[in-house]
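The values are calculated or read from the model by the stated rules, or taken from the named source; none is laboratory data. Note that this is a predicted model, so its numbers are computed, not measured. A quick note on method: Cβ atoms are made from the backbone with ideal geometry, for glycine too, and the neighbour counts reach across all protein chains shown.
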Amino acid sequence: MHSITVGSASQDDGNGGTLARNEADAVECGGPAAVDTRDPRSVPSVGDRGAFPRRGNTMFQVGHIRLERPLLLAPMEDVTERPFRRLCRRYGADLVYTEFVNSEGLIRAAARTRAKIAISEDEHPVGIQIYGNRVDSLVEAARVCEAVEPDLIDINFGCPAKKVACKKEGVGAGAGLLREPDLLVEITRAVVRAVSLPVTVKTRLGWDERSIIIEDLARRLEDTGIAALTLHARTRSQGFKGQADWSWIARVKQVVRIPVIGNGDIREPSDAVRMFEETGCEAVMIGRGAMGNPWLFRRTRAVLDGHPDPGPPTLEERVAVYLDLLDTSVAEKGEPRGVFEMRKFLSGYLKEVYGIRMLRNLIMQESTREGVRARIDEFGRWVAGGPAGWEPEPLEPVRER
Ligand SMILES: Cc1cc2nc3c(=O)[nH]c(=O)nc-3n(C[C@H](O)[C@H](O)[C@H](O)COP(=O)(O)O)c2cc1C
């Protein structure tokens, strides 16, 4: 039997931000003691990173960032907002990214777009990701980003969503530029020249399986002066389907000297170990596997350091993290919006909680932070006491994302 103790409402920490909004639309473009998620000092230390055999030079160096076998939080639209980035940092993500930010919106100073590049002191190292299809707008957007002092600027050439990659007239942005590699390279070179921060690129193998251009493209991108290259080892036409083909990450490693960040299908700590081993990449980036599951960083770090996998978090920790994010969501967006926007994360954070369906139904009726807390408290008491004959319902299958 579980008992859930919900502490007193935590206060707004003043750093604002909320977690994600629209996970549903989100196609790419689209152990250790419990951690006090509010205190960066309580994150387990990176420890000895020498547990697994090294293949060549595994140091990841980008600007002043120097890390060995780091774990990166992938940029994800409506997911990697500030509270989630900070949470992942506290659970051991070594470098985090904002969601992709539209360059035109940035230079128009659109309030919602500018809000996306706000970063907090305790997030560093953090990268801001931008996208667009015009050289001058990306250059100007990069300068706007530079002013908020991230540790790097990343350019997105991987978003497969129609609204981004396909334009009726002219060339698309994101993965659309994989059909215009000359322009892609020109944009990158111009951004590298325009800012003094390190510039990195995140892309895919090519537009489709008949046009895989990544090896040649990686060489050309290296020549522009980028500091690292992230490869999501799928084509644009694959979207998120099928299996990422990591052999391309290994091949790209052979043709460039800059650090290569491997990305695609890390769900378990052992996947990250395998990606480092099989591809020789300098860093591993985790996207969907971390959604509702920031603990993946802590677990993976432990395993990489040769320690036992601490396993999934306790129920109390899951609840505490959910409520913490709820607080920041409400602090930034107010009630009821901040409460509503957290609803879609319930299943992610509480997915292994017995009776989650009932708890979710209760919470769906609430529009205030206190209401949600009261429901969780009530549920916890009920589970602890358990009415006679009560049996927990079976675990819900984890939803495929
Ligand atoms: C909800 C969602 C939003 C995403 N948004 C972005 C984005 O803004 N920029 C980007 O480069 N990739 C984005 N991606 C792609 C991820 O960064 C990553 O490349 C992809 O999910 C593969 O990694 P994974 O298998 O670890 O999830 C998004 C993916 C998801 C699921």
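For Leu183, are the conditions met, namely being in a helix (DSSP H, G or I), within 16 Å of the ligand (Cβ to nearest atom) and either more than 21 Å from Ala218 (Cα to Cα) or in the same structural domain as Arg298 (by TED's automatic domain parsing) (or both)?
It is false that Leu183 is in a helix (DSSP H, G or I), within 16 Å of the ligand (Cβ to nearest atom) and either more than 21 Å from Ala218 (Cα to Cα) or in the same structural domain as Arg298 (by TED's automatic domain parsing) (or both).
If I filter region 186-199 down to residues being outside any helix (DSSP H, G or I) and not small (Gly, Ala, Ser), which single residue comes out as surrounded by the most Cβ atoms within 10 Å (Cβ to Cβ)?
Top of the filtered list is Val199.
Only one of these conditions is not met by Glu215: (1) farther than 30 Å from Glu123 by Cβ; (2) touching a Lys or Arg at 6+ places or on another chain (Cβ under 7 Å); (3) in a loop (DSSP other than H, G, I, E, B). Which number is it?
Here Glu215 meets the rest and fails (3).
Could you list all residues from region 66-90 that are outside any helix (DSSP H, G or I) and more than 11 Å from the chain's Cα centre (by Cα)?
Arg66, Leu67, Glu68, Arg69, Pro70
Those residues that are β-branched (Val, Ile, Thr) and either within 21 Å of Leu346 (Cα to Cα) or in contact with a helix residue (DSSP H, G or I) (Cβ under 8 Å, 6 or more places away or on another chain) (or both), I need them from region 252-295; list them, please.
Selection gives Val252, Val255, Val256, Ile258, Val260, Ile266, Val273, Thr279, Val284, Ile286.
In region 296-313, what residues are surrounded by fewer than 21 Cβ atoms within 10 Å (Cβ to Cβ), more than 23 Å from Pro259 (Cα to Cα), in contact with a helix residue (DSSP H, G or I) (Cβ under 9 Å, 6 or more places away or on another chain) and of a type outside the set (D, E, K, R)?
Hits for region 296-313 are His307, Pro308, Pro310, Gly311, Pro312.
Out of the residues in region 75-119 meeting the condition of being out of contact with any helix residue (DSSP H, G or I) (no Cβ under 6 Å at 6 or more places or on another chain) and of a type in the set (Ser, Thr, Tyr), tell me which one is modelled with the lowest pLDDT.
Filtering region 75-119 for residues that are out of contact with any helix residue (DSSP H, G or I) (no Cβ under 6 Å at 6 or more places or on another chain) and of a type in the set (Ser, Thr, Tyr), the one modelled with the lowest pLDDT comes out as Thr80.
List pairs: first residue in region 265-292 and among the polar types (S, T, N, Q), second residue part of a strand (DSSP E or B) and more than 8 Å from the ligand (Cβ to nearest atom) anywhere in the structure, Cβ distance under 8 angstrom, at least six positions apart or on different chains.
Thr279/Val260; Thr279/Gly262
In region 185-219, how many residues are of a type in the set (A, V, I, L, M) and touching a Ser or Thr at 6+ places or on another chain (Cβ under 8 Å)?
8
So which residues in region 255-295 are within 10 Å of the ligand (Cβ to nearest atom), within 11 Å of the chain's Cα centre (by Cα) and surrounded by fewer than 24 Cβ atoms within 10 Å (Cβ to Cβ)?
Gly287, Arg288, Gly289, Met291
Please indicate, with yes or no, whether at least one residue in region 298-314 is touching a strand residue (DSSP E or B) at 6+ places or on another chain (Cβ under 6 Å) and either under 22 Å from Arg89 (Cα atoms) or not assigned by TED's automatic domain parsing to the domain that holds Met76 (or both).
yes
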